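Shown next, in structure tokens, is the structure this report addresses.
The values are calculated or read from the model by the stated rules, or taken from the named source; none is laboratory data. Predicted, not measured: the structure shown is a model, and the values here were computed from it. Here the Cβ is made from the backbone with ideal geometry for all residues, glycine too, and neighbour counts use every protein chain on show.
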4 protein chains.
Amino acid sequence: MAVNRVGFVGLGIMGAPMAANLLKAGFALTVWNRTPARMEPLLALGASAADSPAAVAAASEVTLSCVTNSPDVEAVALGPNGIAGGAAPGSVYIDCSTISPETARRVAHELSGRGIAMLDAPVSGGDIGAKAGTLAIMAGGQAEVFDRCLPVLEAMGKTVVHVGPIGSGQVVKLCNQVAGGLNLLAMAEAISLARGAGVDPAKMLEVVGAGAAGSWMLSNLAPRAIRGDYAPGFMVDLMQKDLHLVLEEAARKHTPLPGTALVSQLFQVLQAQGRGSDGTQAIVDAVARLAAGQDR
Amino acid sequence: MAVNRVGFVGLGIMGAPMAANLLKAGFALTVWNRTPARMEPLLALGASAADSPAAVAAASEVTLSCVTNSPDVEAVALGPNGIAGGAAPGSVYIDCSTISPETARRVAHELSGRGIAMLDAPVSGGDIGAKAGTLAIMAGGQAEVFDRCLPVLEAMGKTVVHVGPIGSGQVVKLCNQVAGGLNLLAMAEAISLARGAGVDPAKMLEVVGAGAAGSWMLSNLAPRAIRGDYAPGFMVDLMQKDLHLVLEEAARKHTPLPGTALVSQLFQVLQAQGRGSDGTQAIVDAVARLAAGQDR
Amino acid sequence: MAVNRVGFVGLGIMGAPMAANLLKAGFALTVWNRTPARMEPLLALGASAADSPAAVAAASEVTLSCVTNSPDVEAVALGPNGIAGGAAPGSVYIDCSTISPETARRVAHELSGRGIAMLDAPVSGGDIGAKAGTLAIMAGGQAEVFDRCLPVLEAMGKTVVHVGPIGSGQVVKLCNQVAGGLNLLAMAEAISLARGAGVDPAKMLEVVGAGAAGSWMLSNLAPRAIRGDYAPGFMVDLMQKDLHLVLEEAARKHTPLPGTALVSQLFQVLQAQGRGSDGTQAIVDAVARLAAGQDR
Amino acid sequence: MAVNRVGFVGLGIMGAPMAANLLKAGFALTVWNRTPARMEPLLALGASAADSPAAVAAASEVTLSCVTNSPDVEAVALGPNGIAGGAAPGSVYIDCSTISPETARRVAHELSGRGIAMLDAPVSGGDIGAKAGTLAIMAGGQAEVFDRCLPVLEAMGKTVVHVGPIGSGQVVKLCNQVAGGLNLLAMAEAISLARGAGVDPAKMLEVVGAGAAGSWMLSNLAPRAIRGDYAPGFMVDLMQKDLHLVLEEAARKHTPLPGTALVSQLFQVLQAQGRGSDGTQAIVDAVARLAAGQDR
């Protein structure tokens, strides 16, 4: 039987447009947000307000959440008035936050004891992808649960892939941040070398971006970085949060990642300058800082 | 007046298909190669053989070379029976090798004293791009020389960009290797984390490759690396040659590149194992070696 | 009035000999350990047994602890039957564990509310230094508390320094691990280069250890590493625990430490091989693994 | 038969005091320097002047040189009016410069064809050690040649070790720079963490320098670095010269040295700021630059 009643907890910069896309796709939507004012635009679009995560879950066959970090997920899922307290046996909880794979597994384990299934389904694509409904969604959990929830996920994303058992979605998201972080460093060092050797970085990008060294970062963020546009996209502080999750998971699995460890130290250069709210393309300045006698 | 007579020195894995594309484009082509047997296929296609770089240049309005490293370029351009000894004033020398920007400038300076113009025009795209005529070509030199030679370059490449004065082509190529090398490390660390955390790396790629962490390397080389196909593509030893050029140029310009320095050390792990002739995707094994109790 | 009654909680490889030195110095000593059997040797030397940290504290003017990590300190200090529950106002708690500076400050804050003063006084010097009473002790806290406890600390250590307010002892200990970890990497890379270039590393050490590149690690651990003696000293797993504390504190203070981040990744190479219980000199093998075709 | 007549080529900041110690030890000394004025103080002490390296060698049983880099050694040894042109068969050439092990072997090979033996005997200990005669000297070459020259070497150094065949002295010197460079980074990161976490670095040093994380660098250079005294000691530019030799030799031997590669990039931060003539303790500022919003 097709899913109809869907809930959404956490209407931030990502969650709000994701929830809006669920409405557009025709789902009956119930929402909750810690700061109630953020619910207004969705209520205006036809969503119903609930007064707690538990109440959202009570009204929904599938309840989604999109919050900041592991402790937030534990709170909305398992805390007082949390999803676990309202969700009916047979319902599904989908968490779209980026958190520790371990936390995802622990929460899933708790919920399964109450007959509630869970998918960990972090997303990639930023607020632009969230608005456009073109997110990449990497989901971990049981195949049959994934299949049942696919229409919900496809309302929000373009690339929706079942990547393995519970926790796998988070692992894949962390892999995404590893690759993204190093691609950002690739961009930064290429620009730094061009500048240091007296070549216009825009000319450099024209060629390099088109070939075997090309990447999404180079095509999309390098032009901004070159003209000094540091508006996020994705903020340095959030990238660091994710890279800490990466390095924790890598330590747990004894998987050395020397490049990612370096990337994290370089983002710290930006945080030391109070630039945690800049977009990740600011890493160009962290690398430039190594080369330049003068600060920006 | 349009260029008609073109010469090519150095018919290796890159040079041979590039020269063949010049023939296909209708240029009258004279060739020379240190190992004469490598000229045969081109002679069969209509090229003329010369018995030295000087003789190639004497027969050509534009002479190209594609050899291994800085000393090879100095030898074919300025050495005994070199291009400088045969080229007429007003002719052009285009070097497509990847060499030190300094060497490019020094050779250009020598040649300009004899009335011979030069472009440094290294290429990117591998033997596949060389065959298909889809190379990226990044050319340094005077704008009017570039304009005059554009039809020659466009016979071999798809993205042909004038990036600045002499030496700039090499700088951009080095930037390309910086970005490419770090994108390869991005691929390797993402795969290592997936495996370490128990997720199928092919599933990981399906999502990550499609989004903001995507890159040419991830799309084209990661699938090969995952199935243990190490056929080059671009060989580890050649990548190291280029990364040494990068680090030398960066040292000359006091431009710290900590990520690239790390990448070069990791390619050395492969060289230490006698894998210098594997494709660059083998970096996945260098990173895996850090994590694994067992060797491949 | 001079301190006479002293307590000790945590009689592990470090704590037991430290406590024994307190007895030798003439203090009346009360002890507790989670595994009671470990108390026997000290009781034989004249210590009294208590049945909880609270009971130790009730019997003591100064109570010390030496346990593994931040949560252990929180448990013995503030948990059920913890030191806070038994210590009299005016008494002092000295923690000699290596933990997060934040935890030290938080515990001190809790205790101060009950009139109990605290020093964070982590130690360096290993079990050898603990037995010999030659530990370096770096203490944070109020100067007058430090002065009052100095005879206690001097019974266990040779270099006893008051380094600043509460938490400073832990910061200095983390600095010690930063310096020690990088000195170990220095040792490992020097040995790897000697071997790679065909020089007897023992000959190398004979010179290098005596000069400006000399260090305690080079003098004391390099000879062991060269002959393949990996007996700890200080175990890889404990070093990693401390380096994680370092990188957490550095992240909190936005202090990039790229070298230390690399060192931590290299110790992970050893953990991936199941060598977490080897001594830290095993880092020589992690670096050798990069160079060698063959494993140990 | 004991060596009596000794020559010295290259009277720089190291060579001049080394030569003076040879005079003090009673050797008959002939000297040459490119800038003749630098010979004056030694002539005043009793040395004889020659007008070329060849003339020095013609007058000497053992000729030493102390110049900057590989090409300088090739020039004074094998160039016009070089040592090879004046030295008698059976005489010995000892080079005390820090150069590529390959160059040392090549020069030795050339000289051996003329019956001239060679030792490569680079030194460590700085101008202070050179003046005091307390240098560490690491000599490569045949054992009998070393034995014969030992009185000469012991006139200049305190730790004089025969480390293996020709070239081994240079390898050991490069190992020394690997260890020294990473010990400097250890010092810099420990100081950076202390400052970032609000602890007086002088207090930190008081403890850390005395224990298992202690090193010559920490004891001797850290106090200078902390008070902002950047007078060399050993200059950043010379350290970089040596680290380039290290990384070249490591690349030749396929010996990955990721820590040393990082150290070299960090010294480049200083060079980018025009601080190549500062002492190596300035690396503290390169690391501080990563953390600080403000420049020095």
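Does D:Thr68 satisfy the criteria of being in contact with a Lys or Arg (Cβ under 8 Å, 6 or more places away or on another chain), modelled with pLDDT of 95 or more and either buried (at least 24 other Cβ atoms within 10 Å of the Cβ) or not aromatic (Phe, Trp, Tyr) (or both)? When the stated conditions are applied, D:Thr68 does not pass them.
Among the numbered conditions (1) part of a helix (DSSP H, G or I); (2) out of contact with any strand residue (DSSP E or B) (no Cβ under 9 Å at 6 or more places or on another chain), the only one that A:Asp72 does not meet is (2). Taking (1) touching a helix residue (DSSP H, G or I) at 6+ places or on another chain (Cβ under 8 Å); (2) more than 18 Å from B:Gly7 (Cβ to Cβ) in turn, B:Glu144 satisfies each apart from (1). Looking only at the range A:1-19, filter to residues that are touching a residue at least 40 places away in the same chain (Cβ under 8 Å) and over 17 Å from the mean Cα position of the chain (by Cα); which one of those is surrounded by the most Cβ atoms within 10 Å (Cβ to Cβ)? Among residues in the range A:1-19 that are touching a residue at least 40 places away in the same chain (Cβ under 8 Å) and over 17 Å from the mean Cα position of the chain (by Cα), the one surrounded by the most Cβ atoms within 10 Å (Cβ to Cβ) is A:Gly7. Residues in the range A:166-180 that are free of Cβ contacts under 8 Å to residues at least 60 places away in the same chain and either surrounded by fewer than 24 Cβ atoms within 10 Å (Cβ to Cβ) or among the β-branched types (Val, Ile, Thr) (or both): A:Val172 only.
The residues of the range A:51-65 that are in a loop (DSSP other than H, G, I, E, B) and either surrounded by 24 or more Cβ atoms within 10 Å (Cβ to Cβ) or free of Cβ contacts under 8 Å to residues at least 12 places away in the same chain (or both) amount to a single one, A:Ser60. Of the numbered conditions (1) free of Cβ contacts under 8 Å to residues at least 12 places away in the same chain; (2) under 18 Å from C:Pro258 (Cβ atoms); (3) in a helix (DSSP H, G or I), D:Val287 fails exactly one; give the number of that condition. All conditions pass for D:Val287, except number (1). Can you find, within the range D:268-284, the residue that is nearest to A:Asp285 (Cα to Cα) among those that are buried (at least 24 other Cβ atoms within 10 Å of the Cβ) and within 14 Å of chain C (Cβ to nearest Cβ)? Among residues in the range D:268-284 that are buried (at least 24 other Cβ atoms within 10 Å of the Cβ) and within 14 Å of chain C (Cβ to nearest Cβ), the one nearest to A:Asp285 (Cα to Cα) is D:Val269. Could you check, for the range B:263-280, whether at least one of its residues is in a helix (DSSP H, G or I) and in contact with a Lys or Arg (Cβ under 8 Å, 6 or more places away or on another chain)? Scanning the range B:263-280, I find at least one residue that is in a helix (DSSP H, G or I) and in contact with a Lys or Arg (Cβ under 8 Å, 6 or more places away or on another chain), so the answer is yes. The residues listed here are A:Leu221, A:Leu193; of these, the one that is buried (at least 24 other Cβ atoms within 10 Å of the Cβ), of a type outside the set (Phe, Trp, Tyr) and in contact (Cβ under 8 Å) with a residue 40 or more places away in the chain is A:Leu221. Candidates are the residues of the range D:76-127 that are in contact with a Gly (Cβ under 8 Å, 6 or more places away or on another chain) and of a type in the set (D, E, K, R); the one that is farthest from D:Gly140 (Cα to Cα) is D:Glu102. Among the residues that make up the range B:238-249, is at least one of them crowded, with 24+ Cβ neighbours inside 10 Å, assigned to a helix (DSSP H, G or I) and away from chain A (no Cβ under 13 Å)? No - not one qualifying residue is present in the range B:238-249.
A residue that is in the same structural domain as A:Gly181 (by TED's automatic domain parsing), within 29 Å of D:Gln271 (Cβ to Cβ) and of a type in the set (Lys, Arg) occurs somewhere in the range A:260-279.
Of the numbered criteria (1) modelled with pLDDT of 95 or more; (2) surrounded by 22 or more Cβ atoms within 10 Å (Cβ to Cβ); (3) not β-branched (Val, Ile, Thr), the one B:Arg289 fails is (1). Where residues in the range A:154-165 are surrounded by 24 or more Cβ atoms within 10 Å (Cβ to Cβ) and of a type in the set (A, V, I, L, M, F, W, C), which of them is farthest from the other protein chains (Cβ to nearest Cβ)? Checked the range A:154-165; the qualifying residue farthest from the other protein chains (Cβ to nearest Cβ) is A:Met156. Scanning the range B:201-220 for residues that are over 26 Å from the mean Cα position of the chain (by Cα) and at the interface with chain A (Cβ under 7 Å from one of its Cβ atoms) turns up B:Lys203, B:Met204, B:Glu206, B:Val207, B:Val208, B:Ala210, B:Gly211, B:Ala212.
Counting the residues of the range D:96-124 that are part of a helix (DSSP H, G or I), under 14 Å from the mean Cα position of the chain (by Cα) and away from chain C (no Cβ under 14 Å) gives 0. For the range C:253-267, the set of residues classified as touching a residue at least 24 places away in the same chain (Cβ under 8 Å) and more than 9 Å from chain D (Cβ to nearest Cβ) consists of C:Ser264, C:Phe267, listed by residue number.
Only one of the listed residues (A:Arg106, A:Arg114, A:Arg148) is farther than 30 Å from A:Gly181 by Cα and out of contact with any strand residue (DSSP E or B) (no Cβ under 9 Å at 6 or more places or on another chain). That residue is A:Arg114.
Residues that are of a type in the set (Val, Ile, Thr) and at pLDDT 95 or above within the range B:7-34 comprise B:Val9, B:Thr30, B:Val31, listed in sequence order.
Against the condition touching a Lys or Arg at 6+ places or on another chain (Cβ under 7 Å) and surrounded by fewer than 22 Cβ atoms within 10 Å (Cβ to Cβ), how does A:Ala28 come out, does it pass? For A:Ala28, the condition - touching a Lys or Arg at 6+ places or on another chain (Cβ under 7 Å) and surrounded by fewer than 22 Cβ atoms within 10 Å (Cβ to Cβ) - is met.
Yes or no, residue by residue, for (1) of a type outside the set (S, T, N, Q); (2) closer than 16 Å to A:Gly164 by Cα; (3) touching a Phe, Trp or Tyr at 6+ places or on another chain (Cβ under 9 Å):
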position: A:Pro80; (1), (2), (3): yes, no, no
position: A:Gly85; (1), (2), (3): yes, no, no
position: A:Asp95; (1), (2), (3): yes, yes, no
position: A:Thr98; (1), (2), (3): no, no, no
position: A:Pro101; (1), (2), (3): yes, yes, no
position: A:Gly113; (1), (2), (3): yes, no, no
position: A:Met118; (1), (2), (3): yes, yes, yes
position: A:Lys131; (1), (2), (3): yes, no, no
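Residues being facing chain D (nearest Cβ under 7 Å) and within 15 Å of the chain's Cα centre (by Cα): count how many of those fall in the range C:166-187. Result for the range C:166-187: 9. I need the full set of residues from the range C:188-200 which are at the interface with chain D (Cβ under 7 Å from one of its Cβ atoms) and under 14 Å from D:Leu257 (Cα atoms), in order please. Correct list: C:Glu189, C:Ala190, C:Ser192, C:Leu193, C:Ala194, C:Gly196, C:Ala197.
Filtering the range C:140-166 to residues that are of a type in the set (Val, Ile, Thr) and outside any loop (DSSP other than H, G, I, E, B) leaves C:Val145, C:Val152, C:Thr159, C:Val160, C:Val161, C:Val163.
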